[in-house]
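Q: Okay, handing you the structure first.
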Amino acid sequence: MTKREPNAVEQKDGGPSDVLQRETPRESETKGSAAGFLTVSQLNRRVKELIDGESGLHDVLVLGEFSNLKPAASGHLYPTLKDGTSEIQCVIWAGTVNQLSISPREGMKVFVLGDVGVYEQKGRYQLYVTDVKRFGIGDLYAQLEALKIKLKEEGLFARKRPLPQFPEVIGLVTSDGGAAVRDMIRILGRRFPVARIVLVPVMVQGAEAAEDIASGVHELNNLRDPRPDVIIVGRGGGSIEDLWAFNQEVVARAIFASEIPIVSGIGHETDFTIADFVADLRAATPSEAAEKVVPDKENLLRVLTQSQAALVIETTELLGNLEQGLDEKIVLLNQAMEEGLEFRLNRINHIAELLASLNPRKVLTRGYAVVRRNEETVNSIALLHPGDDVEITVIDGRAEARIRRVTKHEVT
Amino acid sequence: MTTGRKVGAGKESVMSFEESMKRLEDIVTSLSEGELPLRQALTLYEEGMKLVKECRSALEDSKAKVEKLNRLTGELELFELKNE
């Protein structure tokens, strides 16, 4: 790059007066100093020397926007470089202009490499430009911020759907080469081997990546058999430019349009892309996305063991309760039986007394006798005839007798 | 092709893993509420134990199936991870 060409522009007068001008300040410098004051020239010279001696003002890279780029007749440019609050006058010599890799335009955001110097005659410090580079990332960031605001206002960042607890079909939108897809498949398979994984291979960087990623999300949404339960949009780490596809509006729109919940895992922990903001869940990396999407096998096995224990405990308890109920019923039954028995015993005693009172022997004690004829108790006179032999039983003995006469009572 | 891996595939069960896990949870809840008649409780117990067994073997015996969408044909092709 062309270094400064001093005296080329500033000293337009040139000629003999140049010599005079140059001589005068030097002369007055000593005089002035001695006199306790400085001439303007002396002051500017001091400032110039100060600035020239300051290494931090040489080969500085300055970010700003160009304006006032109209070339002078000489071909030199005297643009203004500014940012939101300040500006600095620049000088780009014609020779440098011709060697620049870009042609600066009004409003262009640029990195300017140069040295700060002083234009003594005007008492002005300015930036003597040696190179200019377009600030691409800056433009991208500006676009990014604008897009972020727009999408946020549209509500694209606000929708956060819950993820399925046990996703059996997991869609991956990522490159089919590289570590990211390997890591995700390995983690998904280890944690949740019941899963089925459907990979949609997409380009994850380059000019067509954004469209490709968006299309991948659509394609998974259109898949019916198997229908994904959740989708991971992922990419391994890279520079911010590498990840730029995930900052594109088309990707944001595709994620928002997805009927299937989406988890993003893009780059490293510190990378936030627009896709991350729109996704239902942001994971820091593809691996983390895989971990967040599926339950862990070991945990599930523990849950199963607990469930099994609960089944046994609850059922045993139920049986225990039933048994206890049964025991209580047996006690009641025994009680009832005992009570019933007592009642019956009382009854039996009563009957026994009754029976005892009816015992014919008891009647005999009162002086009655039993007459039997041929072993048959005589309970009617009709059974007896004169001459019959009968047996008479009294309480303490028996007698034999013969009937002499029979008289029947008239029963009224 | 069916959606998802079926628990106890090939047998009478047609529940997905998710359905099985949720059913198991429901069964444990029903049993722990303890209001069930014995016959029903025992039926649930048996069903629960069967689900535990099926889910466990699904987790322990399965290997995640990985497919790649052929974006030209729309067909799914088996995708093998290359060993490092």
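Q: Just to be sure I understand the curve: with the Debye formula and one point per C-alpha of the range A:253-387, what is log10 I(q)/I(0) at q = 0.11, 0.14, 0.15 Å⁻¹?
A: Here the Debye-derived log intensity ratios amount to -0.79, -0.93, -0.97.
Q: Then there is this: Run the numbers on the range A:31-137 and let me know its relative contact order in percent, using alpha-carbon pairs under 8 Å that are six or more apart.
A: Working: 199 pairs, mean separation 29.9, N = 107.
Value for the range A:31-137: 28 percent.
Q: Where the centre of each part is set by its Cα atoms, how far does the range A:48-95 sit from the range B:18-56, in angstrom?
A: That distance is 80 Å.
Q: Any idea how far apart A:Val312 and A:Tyr141 come out in nm if each label point goes 7 Å out from Cα toward Cβ?
A: 6.3
Q: Where does helix A:179-191 land angle-wise versus the long Cα axis of chain A, in degrees 0 to 90, nearest 10?
A: That works out to roughly 10 degrees.
Q: Return A:Lys362, A:Lys48 ranked ascending by Cβ neighbour count within 10 Å, so the fewest neighbours appear first.
A: Fewest-to-most ranking of A:Lys362, A:Lys48: A:Lys362, A:Lys48.
Q: With Cβ to Cβ distances under 15 Å as the rule, what net charge do the other residues near A:Thr285 carry (K, R +1; D, E -1)?
A: Net local charge, A:Thr285 excluded: -2.
Q: Averaged over its residues, how many other protein chain Cβ atoms are within 10 Å of peptide A:162-171's Cβ atoms? Kindly include the intermediate steps, with their values, before the conclusion.
A: Working: counts 0, 0, 1, 3, 8, 3, 7, 5, 2, 1.
For this peptide, the per-residue mean of nearby foreign Cβ atoms is 3.
Q: So for chain A, taking the charge dipole from beta-carbon charges (+1 Lys/Arg, -1 Asp/Glu), which of A:Ala336, A:Val110, A:Gln205 sits furthest toward the positive end?
A: A:Ala336
Q: With charges only on Cβ, +1 for K and R and -1 for D and E, what is the dipole size of chain A about its Cα centre, in debye, rounded to 20?
A: Working: 49 positive and 60 negative charges, 217 e Å.
That gives chain A a dipole magnitude of about 1040 debye.
Q: Using only Cα atoms, what is the ratio of the radius of gyration of the protein assembly as shown to 2.2 N^0.38 Å?
A: My calculation over the Cα atoms of the protein assembly as shown gives 2.39.
Q: Roughly how tilted is helix A:297-358, in degrees to the nearest 10 and between 0 and 90, from the longest Cα axis of chain A?
A: Tilt of helix A:297-358: around 20 degrees.
Q: Pick out, from A:Asn359, A:Gly267, A:Gly75, the residue whose Cα sits farthest towards the positive end of the charge dipole of the protein assembly as shown, with +1 on the Cβ of Lys and Arg and -1 on the Cβ of Asp and Glu.
A: My answer, from the dipole projection, is A:Asn359.
Q: I would also like to ask the following. Could you list log10 I(q)/I(0) for the range A:71-181 at q = 0.13, 0.15, 0.18 Å⁻¹, which the Debye formula gives when each Cα is one point scatterer?
A: For the range A:71-181, the Cα-only Debye profile gives -0.71, -0.81, -1.00.
Q: If you don't mind, another one. Per residue, how much space in cubic angstrom lies within the convex hull of the C-alpha atoms of the range A:150-295?
A: 91
Q: Would you pull out the residues with amide H under 5 Å of A:Gly171's amide H, same chain only if 5 or more places away, H placed 1.01 Å from N?
A: Hits under the 5 Å cutoff: A:Val198, A:Asp229, A:Val230, A:Ile231, A:Ile232.
Q: A further question follows. Please give the Cα centre distance for the range A:212-257 versus the range A:385-412, rounded to the nearest Å.
A: Cα centroid of the range A:212-257 versus Cα centroid of the range A:385-412: 130 Å apart.
Q: In addition: Express the relative contact order of the range A:362-402 as a whole percentage, based on alpha carbon pairs under 8 Å and six or more residues apart in sequence. The partial results should precede the final answer.
A: Details: 50 pairs, mean separation 15.8, N = 41.
Relative contact order here is 39 percent.
Q: Principal axis extents for the range A:107-158, Cα atoms only, whole Å, descending order, please.
A: Result for the range A:107-158: principal-axis Cα extents of 59, 20, 15 Å.
Q: Now for a different question. Compute the length gained on full extension between A:Glu269 and A:Ala399: take 0.36 nm times their separation in residues and subtract their Cα-Cα distance, giving the result in nm to one decimal. Walk me through the numbers on the way to the answer.
A: Values: separation 130, 0.36 × 130 = 46.80 nm, distance 13.12 nm.
33.7 nm is the gain from fully extending A:Glu269 to A:Ala399.
Q: Rounded to the nearest 10 degrees, what's the angle between the helix A:209-222 long axis and the longest principal axis of chain A, both from Cα atoms, 0 to 90?
A: The angle comes out near 20 degrees.
Q: Starting from the alpha-carbon convex hull of the range A:128-198, give the projected area averaged over all orientations, in nm².
A: That works out to 9.0 nm².
Q: A further question on this structure: Residues of A:180-186, mean number of Cβ from any other protein chain within 10 Å of their own Cβ, rounded to a whole number?
A: If you average over the peptide's residues, the count of other-chain Cβ atoms is 2.
Q: Going out from 0 in 10 Å bins, what whole percent of all Cα-Cα distances in the range A:362-402 drops into each bin?
A: Going out from 0 Å in 10 Å bins, the range A:362-402 shows 29, 54, 16, 0 percent.
Q: How would you rank A:Arg372, A:Arg347, going from fewest to most other Cβ atoms within 10 Å of each one's own Cβ?
A: Fewest to most other Cβ atoms nearby, the residues stand as A:Arg347, A:Arg372.
Q: According to the Cα gyration tensor, what semi-axes, each the square root of 5 times an eigenvalue, does the equivalent ellipsoid of the range A:304-358 have, listed from largest to smallest in whole Å?
A: They are 52, 5, 4 Å, listed from largest to smallest.
Q: A further question on this structure: Determine the shielding of peptide A:214-220 by partner chains: average, over its residues, the number of Cβ atoms on other chains within 10 angstrom of each Cβ.
A: 1
Any read-out appearing in this document is the output of simple, stated calculations on the displayed coordinates, not a laboratory observation. Quick caveat: nothing in here was measured; it's all calculated off a predicted structure. Quick reminder, even Gly has a Cβ in these numbers, built from the backbone with ideal geometry, and neighbours come from all protein chains shown.
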